[in-house]
Structures are given as structure tokens and as C-alpha cells.
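Heads up: the structure comes next, in C-alpha cells.
Nothing in this text is a laboratory measurement; each read-out follows from the coordinates by a stated rule. Everything numeric in this text was worked out from a predicted model, so none of it was measured. Positions of Cβ are backbone-derived with ideal geometry, glycine not excepted, and every protein chain shown enters the neighbour counts.
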Amino acid sequence: MLFNAELHYAWVNSKALEIMAIDKRTPDPENGKLGRDEQGELTGLLFENAVGFATEIAYRLSKEKRKQLFLTFLKETAKFGVTSVNDLYGAELTTNQDDDLEIYTRNANERGN
């Protein structure tokens, strides 16, 4: 899955569509749209709330795995001089919002921030 910069749409491949059980008969979700070509075939573009089809599956990670990914992300960004990050839309993309907030908060407290 690849998001555009503003998170208003994402691209997925045909395997992702298969895993999500999305085909040309799948209706567009409320406040979202599945990208289709002139013949009605899916293009792999997911607009607005249709992104949720993918994030619900892609972000089904254990709390420990999400913590690991978060800490690795912070270490990698620090290598490039990044000293702070913002998770402006993260809570909207995950089904584990309370767990993620705890991961962020615990990390900040452990670092004394």
C-alpha cells in the first residue's frame, strides 16, 4: 500500500485487492470511492474512506510489533537529524488507537519528554 502525501488516497496492487475480497462488484463505501477504469475494472486506487478497506487489514499487527515498528522508525529518522515527529492522521488509520496512544505516551515518558 502506498499513500499519497495528504492521505486522501492510496494505491494497492491486485494481490491486496484479492486479500481484501474487493472486486468490480464491490460497491463504493460511504464517503469513499474505488478507482475504476472505463470498463469498470479496479485500478488499485482507493479514495478517502475506501482506504479503510486496506488499512483495516494491513494494520492488524500485535501491540508488540507496532511498538517495535515505532521504535525502529524513531531510530531511523534520528539518523537523518529528525528530532520530532507528528502522527497527524495515524489514529484514523488504525483500529488500535488506544494501544497506539499508550505506545507513544510510554515512549515519551521513558525518554523524559
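For the chain, what log10 I(q)/I(0) values come out of the Debye formula at q = 0.10, 0.12, 0.24 1/Å, with one point per alpha carbon and no solvent? With no solvent term, the Cα-only Debye profile gives -0.38, -0.52, -1.36. With R₀ set to 35 Å, the beta-carbon distance separating Asp98 from Arg25 gives a calculated FRET efficiency near 0.50. Note on Thr43 and His8: the model spin-label points, each 7 Å out from Cα along the C-beta direction, lie 1.4 nm apart.
Put simply, when 41-50, 60-69 are sorted by average Cβ atoms within 10 angstrom per residue, most first, you get 41-50, 60-69. Taking a straight Cα-Cα cut-off under 23 Å and skipping sequence neighbours fewer than 8 places away in the same chain, the lysines within cross-link reach of Lys33 are Lys15, Lys24. Working note: 222 nm ellipticity from helices only, DSSP H runs with n ≥ 4, each -39,500 (n - 2.57), summed and divided by the residues of the chain, gives -13000 deg cm²/dmol to the nearest 500.
Let me check against my output: what whole-number percent is the relative contact order of the chain, with C-alpha pairs under 8 Å and at least 6 apart? Don't skip to the end; give the middle numbers.
Values: 98 pairs, mean separation 22.7, N = 113.
Rounded, it is 20 percent for the chain.
The Cα trace of segment 16-55 gives Rg and Dmax of 9.2, 26 Å, the first to one decimal, the second as a whole number.
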